[in-house]
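Report on the structure given below.
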Amino acid sequence: MKKLFAIMAVIATVVAFASCNKDDENKGNDYPVGATWESNTDWATLVIEFKTDAKCDLVTIERGKEVERQTASYIYDAPKITITATYEDEVESMSGTVSGNKMTFTEGDESLVFTKK
């Protein structure tokens, strides 16, 4: 009986540690917090700097100079991400997906791809 109890205790410990890691697994290498993502367009470099679990900065750089910085909120539910910002009292959202070091936002026929730096 003591041997069975010891085996059950070891199994319970292994299961407890394995279940504690599930949140961390969802926050794999593509988890955005603390990362900077960049996309180069014809007219500017767009940067997303993820600051916390809910806030990020949207930065526009033209000719090597920062011309705009906007704080936004986001929701990340792997692999989907939605970023919401307010511009001139108008709320705008963009939704995309994260896969490894690529974050892609698609609207209509156009896609904007950010690469993790």
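What's the Cα-based Rg to Rh of the stretch 57-117, Rh via Kirkwood? Here the Rg-to-Rh quotient is 0.98. What the stretch 29-117 shows is 64 Å² of accessible area per residue, with the surface traced by a 1.4 Å probe over protein heavy atoms.
How much accessible surface area, in Å² rounded to 10, belongs to the heavy atoms of residue 68 with a 1.4 Å probe? About 80 Å², rounded to the nearest 10. Across the stretch 38-104, the relative contact order, built from alpha-carbon pairs under 8 Å that are at least six residues apart, equals 18 percent. In this simple spin-label approximation, residue 88 and residue 62 carry label points 7 Å from Cα along the Cα→Cβ vector, and these lie 1.4 nm apart.
The values are calculated or read from the model by the stated rules, or taken from the named source; none is laboratory data. Since the model is a prediction, treat every value here as computed from it, not as a measurement. Backbone-built Cβ (ideal geometry, glycine too); neighbour counts: all protein chains shown. Accessible surface is based on the protein model in full, side chains and every heavy atom, while ligands, DNA and RNA are left aside. Shrake-Rupley method; radii C 1.70, N 1.55, O 1.52, S 1.80 Å.
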